[in-house]
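The next block holds one structure in the form of structure tokens; read it before the comments.
The values are calculated or read from the model by the stated rules, or taken from the named source; none is laboratory data. None of the values given here were measured: they were computed from a predicted structure. Cβ sites come from the backbone with ideal geometry, for glycine too, and all protein chains shown count toward neighbours. In case anyone asks, the SASA skips ligands and DNA or RNA and just uses the protein heavy atoms, side chains included. Shrake-Rupley method; radii C 1.70, N 1.55, O 1.52, S 1.80 Å.
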Amino acid sequence: MRAGGYSRGPAGRAAQGVFAMAAASARAISEVPVEPIGLGRFQEVVSPAAYRHLAHTVVQARERFAGRTIWNVNSTARGGGVAEMLSSLVAYARGAGLDTRWVVIEGQQEFFRVTKRVHNQIQGYPGDGGELGEAEHGTYERALEPAASELAAAVRPGDVVLLHDPQTAGLTAEIKRAGAVVVWRCHVGMDSPNEIAVGAWRFLRPYLADADAYVFSRSTFAWDGFEHSKVRVIAPSIDPLTPKNSPLSAARASAILISAGIVEAYSASLPFYQRPNGSVGMVCDRADMLQLEPLRPADRFVTQVSRWDRLKDPVGVLNGFGEHVPNAHLVLAGPQPGAVDDDPEGAAVLKEVVDAWHALPEAVRRRVHLARLPMRDAEQNAAIVNALQSNAAVIVQKSLAEGFGLTVAEAMWKGRPVVASGIGGIQEQIEDGRSGVLLGDPTDLAAMGREITRLLAECERAATMGAAAQERVRRHFLSDRHLRQYAEMLSSFVA
């Protein structure tokens, strides 16, 4: 099926709506509106040589992609690193004059239950313990049929479609039949796959046979059985100019935390932040706090910010802090339950964290604060996370498995010392002992506690480590590098 009536230019197509043919019924896919952002803003944070390299790459890409659309497809518009990366990368690509779009597939609870299981098992963990057999193939395929049909009707021959993560792999064949170039981007993996991970590969690999390329975050994540010439390695990135990562003074960060209800005090500053379009936003939504006593401005605190996900091990962070870190506070923060569309386990994991908090001795509970961050406004949420990371004495990311772990790069960019698990892409980011601390065994709570306590005590070492961390992110993990790599890879398919 193909839809007619589109204007051939980007402006005409946008005005009519990419999925106008589905307006009369429920859509299986929806476009995420993204405002263009000019690349000139990168001159504020990258070297002149890096900016010239980016500008040159973009000029070439505009010539190569004239008359073509670059599509990004995933399963949620908010929550998690993939959605955050897409919101920035698509905005910059559009600002550079490339017709770039972002669409989200809709799915029911049963579909996301299966894809969450696949997501966990690719990282070597059983997840909910369920199987990936014929019944799960049926659930997966039936859920994707409407999305495949709608997207194939909108895509034109010669377009490029980037499919992100397990949720979208089943779209590959239909989009290839529409004449597009298809690239599957996998954001998760493990260095030494176990049988659980190999089983998840077996589930997904038949859907990906027709893809033109496969992109992984680390070379060790690439799957056996994929043609070597089709495999690309592109590390994720953070956008240094978003509300989550733009510089905050200590006073403004404190004002944001006070306005959000995470710190109790009166503030002399306004809790404002700058939106990507240059306008100013104010933090007014409040976090839902579970605590015995509020955090005060003078309290030094450690924080971990992540989804409520067992692979982020929030219960382990809570217990390890309580047992091994004296004389500091912990803020364990994540989204309000139900706010992330493709994460059906969040509420159950949060309940486990709450139960673990109640089980702590009362003296420890007074130093542990659970923060469910507001998600009504994604940029306001990002500003709150920025303030938490900017004011934390130490930041933790004690994951049991990790695709890349962009919360580590975010923390490093704020110049904070980070204690993180030495797994997955975290190993790419932190040089152990120089730009952060890597835990050799993520389950060793005593080791985590020792490293946090040492950084809290050795302020000069912590500051030196934070400065080195920020510079490492500037050189390797900002979105200008990411844009260049995507442009160079995709250009090779349309040369």
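When only residues in segment 382-409 that are part of a helix (DSSP H, G or I) and either open to solvent by 10 Å² or more (accessible area, probe 1.4 Å) or touching a His at 6+ places or on another chain (Cβ under 8 Å) (or both) count, which is nearest to Pro335 (Cα to Cα)? Talk me through it step by step, then tell me what you get.
In the first step, residues of segment 382-409 are kept if they are part of a helix (DSSP H, G or I); the result is 382-391, 406-409.
So of that shortlist, the ones also either open to solvent by 10 Å² or more (accessible area, probe 1.4 Å) or touching a His at 6+ places or on another chain (Cβ under 8 Å) (or both) come out as 382, 390-391, 406-407.
Working: Ala382: 11, Ser390: 18, Asn391: 19, Leu406: 16, Thr407: 14 Å.
Ranking the qualifying residues of segment 382-409, first place goes to Ala382.
Taking Ala251, is it under 25 Å from Val473 (Cα atoms), open to solvent by 20 Å² or more (accessible area, probe 1.4 Å) and either of a type in the set (A, V, I, L, M) or not in a loop (DSSP other than H, G, I, E, B) (or both)? When the stated conditions are applied, Ala251 passes them. Within segment 225-252, residues that are at positive phi have Cβ atoms under 8 Å from residues that are open to solvent by 20 Å² or more (accessible area, probe 1.4 Å) in these pairs: Gly225/Arg205, counting only partners at least 6 apart in sequence or on another chain.
Looking at segment 287-381, none of the helices (runs of 4 or more DSSP H) lying wholly inside it contains 1 or more residues that are open to solvent by 50 Å² or more (accessible area, probe 1.4 Å), in contact with an Asp or Glu (Cβ under 8 Å, 6 or more places away or on another chain) and more than 22 Å from Val188 (Cβ to Cβ).
Filtering segment 418-462 to residues that are of a type in the set (A, V, I, L, M) and at pLDDT below 95 leaves only Ile423.
At least 2 residues being under 24 Å from the mean Cα position of the chain (by Cα) is the threshold, and among the helices (runs of 4 or more DSSP H) wholly inside segment 424-481 those reaching it are 426-429, 459-476.
I'd like to know if segment 102-121 contains one or more residues that are in contact (Cβ under 8 Å) with a residue 40 or more places away in the chain, more than 30 Å from Glu195 (Cα to Cα) and among the polar types (S, T, N, Q). Within segment 102-121, not a single residue is in contact (Cβ under 8 Å) with a residue 40 or more places away in the chain, more than 30 Å from Glu195 (Cα to Cα) and among the polar types (S, T, N, Q). Applying the condition of being under 30 Å from Ile37 (Cβ atoms), free of Cβ contacts under 8 Å to residues at least 60 places away in the same chain and not hydrophobic (A, V, I, L, M, F, W, C) to segment 440-495 and asking which residue is least open to solvent (accessible area, probe 1.4 Å) yields Gly466. Residues in segment 174-185 that are open to solvent by less than 40 Å² (accessible area, probe 1.4 Å), touching a helix residue (DSSP H, G or I) at 6+ places or on another chain (Cβ under 7 Å) and more than 17 Å from Glu227 (Cα to Cα): Ile175, Ala178. Exactly one residue among Ser246, Ser267, Ser237, Ser259 is among the hydroxyl-bearing types (Ser, Thr, Tyr), buried (at least 22 other Cβ atoms within 10 Å of the Cβ) and under 27 Å from Leu370 (Cβ atoms), and that residue is Ser259.
I'd like the residue in segment 186-225 that is among the aliphatic types (A, V, I, L, M) and touching a strand residue (DSSP E or B) at 6+ places or on another chain (Cβ under 8 Å) and, out of all such residues, is surrounded by the fewest Cβ atoms within 10 Å (Cβ to Cβ).
Taking segment 186-225 as the starting set, the residues that turn out to be among the aliphatic types (A, V, I, L, M) are 188, 190, 196-198, 200, 204, 208-209, 211, 213, 215, 222.
If we keep only those that are touching a strand residue (DSSP E or B) at 6+ places or on another chain (Cβ under 8 Å) as well, we get 208, 211, 213, 215, 222.
Values: Leu208: 21, Ala211: 22, Ala213: 21, Val215: 22, Ala222: 19.
Looking at residues that are among the aliphatic types (A, V, I, L, M) and touching a strand residue (DSSP E or B) at 6+ places or on another chain (Cβ under 8 Å), I get Ala222.
Of everything listed in (1) basic (Lys, Arg); (2) more than 15 Å from the chain's Cα centre (by Cα); (3) closer than 22 Å to Arg185 by Cα, the single unmet condition for Arg52 is (3).
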